[in-house]
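The values are calculated or read from the model by the stated rules, or taken from the named source; none is laboratory data. Every value quoted in this text rests on a predicted model; they were computed, and no experiment measured them. Here Cβ is always computed from backbone atoms with ideal geometry, including for glycine, and neighbour counts include all displayed protein chains. Note: accessible area is taken over every heavy atom of the protein model, side chains too, but ligands, DNA and RNA are not part of it. Shrake-Rupley method; radii C 1.70, N 1.55, O 1.52, S 1.80 Å.
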Amino acid sequence: MKILFIDTAHQFLIDSLRRDGHECVEGYDFPTDKIESTISEYQGVVIRSRIKLDARFLEKAKNLIFIARAGAGMESIDVDYAQSRNIHCLNSPEGNRDAVGEHALGMLLALMNNLNRADRQIRAGEWKREENRGHEIDGKTVGIIGYGNMGSSFAAKLRGLGCKVLAFDKYKKGFGSEWVTESDLEELQKSADIVSLHVPLSTETTYLVDDEFIQKFQKNIYIINTARGKCLHTEDLVKNLKSGKVLGACLDVNEYEDSSFEKFSPGGLSGNPSWQFLVQSDKVMLSPHIGGWTFESYEKISVVLYEKICGLKK
C-alpha cells in the first residue's frame, strides 16, 4: 500500500511498514490543499489531529483502505461516513492508556498536597507548613465516568491507595472487579469525593459536566479531566470553584485548545475571565494535553497501530 503520514509517529511504525513492502510518504509539512489534491493516490493515512477527515475530504479519498489515528479520540474523523465507504478506522488507546492513568493520578496527588504552590514558595524562600497541609486519597471515593481503556487504567493506578472506586459507563456493563464497583450515575454522584472523566467527545458528552451536573453531587468534589476539553463547561466549573462546591480541578485538556491539540484556539485568552481565574487559582492544576504524551506511549501507540494495520490483511 501507499501510506501518507499526515502527522509524525514513532519511527517504529514507518520502519515496520516499509520493511513489509509498503510505501510510506512523510507529508508532515504538506499543506492541506496538497493533501486533498493527492489523497486519491493513497490506500492508508496515519494522522493525529492536524486536519479534519470529514466527509468532504473522504469523498476525494477514492482508494483509501484505512485511517490510523495515533491516539484514542476519533472526533476529528467522520467515522460513520468512512465506514460507509468501507474504510477501516483504527485508533490506539491501548498505547497511551497507562500514560493517561499515571498523569491523572499525578495531577490529583499534586493538587491535593499543594505541591505546585509549596514548590513555588520554597523557591521564593518561604517555609509554610500549615498553609500547605494536604488531603489524602485514602478513605475517599473516586468516581470514574467512562470505563474504557483510559478509565480502567486510572482505576488500576488507584489500587493500593485505600480508596473506594466507583465506575459508570453508559455503554458498558459487567466490568466490576475486586477493586472497582460498577455504579450508576446517581450512586456515583451521591458518593464520590473525586470525579475523573474518561469519555470521548461527542454530541452526547459535549459540556456533559456543567453546573446542573455538578450540583447533583452530594459532596463537594475534586474534578479531573484528561478526556477532552469540551466535555466540561469551563465557566460553570469556575462558578463552582468559587462557591467551594468544586474543591479543586485537574485539567490536562481545556475547551480553549485548538482542534489540533498543539496550541490554544486562535484569538487569545487575555480577555477571558474564566481562563484568567483558572491560571491564577491554587485550586487548579493545568497541563497542555500531555496526559498520554510520554516517551513510552509514543512508541507503544505505533506498535498498536502496526499490529492493527497488519490485521487488515487477514
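Data for the structure
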read-out	value
Qualifying position, being in contact with a helix residue (DSSP H, G or I) (Cβ under 9 Å, 6 or more places away or on another chain) and without any contact (Cβ under 8 Å) to a residue 12 or more places away in the chain, among Glu257, Glu212, Glu204	Glu212
Residues being closer than 29 Å to Met1 by Cα and of a type in the set (Val, Ile, Thr) - total across the stretch 272-312	4
Entirely in the stretch 130-244, the helices (runs of 4 or more DSSP H) that have 3 or more residues that are farther than 20 Å from Gly71 by Cβ, open to solvent by less than 70 Å² (accessible area, probe 1.4 Å) and of a type in the set (Phe, Trp, Tyr)	none
Breaking point among (1) without any contact (Cβ under 8 Å) to a residue 60 or more places away in the chain; (2) within 20 Å of Ser153 (Cβ to Cβ); (3) not hydroxyl-bearing (Ser, Thr, Tyr), for Asp252	(1)
Meets criteria (open to solvent by less than 80 Å² (accessible area, probe 1.4 Å), small (Gly, Ala, Ser) and under 19 Å from the mean Cα position of the chain (by Cα)) for Ala99	yes
Flag if Lys300 is part of a helix (DSSP H, G or I), within 19 Å of Ser76 (Cβ to Cβ) and at pLDDT 95 or above	no
Search result, residues across the stretch 245-284 that are among the aromatic types (Phe, Trp, Tyr) and assigned to a loop (DSSP other than H, G, I, E, B)	Tyr256, Phe261
Hits in the stretch 60-87 (condition: β-branched (Val, Ile, Thr) and within 19 Å of the chain's Cα centre (by Cα))	Ile77, Val79
Any pair with Cβ under 7 angstrom, 6 or more apart, that starts in the stretch 260-282 at a residue that is modelled with pLDDT under 85 and ends at one that is exposed (fewer than 13 other Cβ atoms within 10 Å of the Cβ) and part of a loop (DSSP other than H, G, I, E, B)	Ser265/Asp258
Filter pass, Asp54 being acidic (Asp, Glu) and crowded, with 16+ Cβ neighbours inside 10 Å	no
Any hit, the stretch 72-91, residues being in contact with a strand residue (DSSP E or B) (Cβ under 9 Å, 6 or more places away or on another chain), under 22 Å from Ser202 (Cα atoms) and open to solvent by less than 10 Å² (accessible area, probe 1.4 Å)	yes
Test: Ser270 is polar (S, T, N, Q), under 22 Å from Asp78 (Cβ atoms) and open to solvent by 10 Å² or more (accessible area, probe 1.4 Å)	no
